[in-house]
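The values are calculated or read from the model by the stated rules, or taken from the named source; none is laboratory data. These figures come from a predicted structure and were not determined experimentally. As a convention, Cβ positions derive from the backbone with ideal geometry for all residues, glycine included, and neighbour counts pool all protein chains shown.
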Amino acid sequence: MFQKDKYGYFLFGAGSVQIFFRVILPEILPALIAGFTMSFARGLGEYGSVVFIAGNQPYETEISPLLIMSELQEYDYASATSIALVMLMIAFVILFINAILQSRTSKIVSGRKIR
């Protein structure tokens, strides 16, 4: 964090809310976006916490990895593969959006123009 920028805004009469939105938030925005998208993409494949903590209640706590496991136990490999491919595509789209947002926010923070 650039303390000089923060104190400079404060000396020119900016309030703490303005300092947060104009100095602090633009600096931490790329990290916030990366953390959110990475945790969401990882959460797509979460298996253990739902099975062991929330239980395996049909039609209540079903998630996509649990559906894949049930399809594999029934030897329905085509359905399991299709569910896995949909999950993979969703994760790729999320990570692609993350890359775009990261490049845009880094350009904004560094002061370069966005095309």
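Are any of the residues in the range 80-90 modelled with pLDDT under 85 and surrounded by 10 or more Cβ atoms within 10 Å (Cβ to Cβ)?
In the first step, residues of the range 80-90 are kept if they are modelled with pLDDT under 85; the result is none.
No, the range 80-90 contains no residue that is modelled with pLDDT under 85 and surrounded by 10 or more Cβ atoms within 10 Å (Cβ to Cβ).
Any residue at all in the range 16-36 that's modelled with pLDDT under 85 and in a loop (DSSP other than H, G, I, E, B)?
no
Return yes when residue 67 is over 19 Å from the mean Cα position of the chain (by Cα), exposed (fewer than 13 other Cβ atoms within 10 Å of the Cβ) and either of a type outside the set (A, V, I, L, M, F, W, C) or farther than 30 Å from residue 24 by Cβ (or both) and no when it is not.
On the way: over 19 Å from the mean Cα position of the chain (by Cα): yes; exposed (fewer than 13 other Cβ atoms within 10 Å of the Cβ): no; either of a type outside the set (A, V, I, L, M, F, W, C) or farther than 30 Å from residue 24 by Cβ (or both): yes.
No: the conditions fail for residue 67.
In this structure, is residue 62 at pLDDT 85 or above and either of a type in the set (A, V, I, L, M) or surrounded by 11 or more Cβ atoms within 10 Å (Cβ to Cβ) (or both)? So that I can check it myself, show each step before the final result.
Numbers: at pLDDT 85 or above: no; either of a type in the set (A, V, I, L, M) or surrounded by 11 or more Cβ atoms within 10 Å (Cβ to Cβ) (or both): yes.
Here the answer is no, as residue 62 does not meet what is asked.
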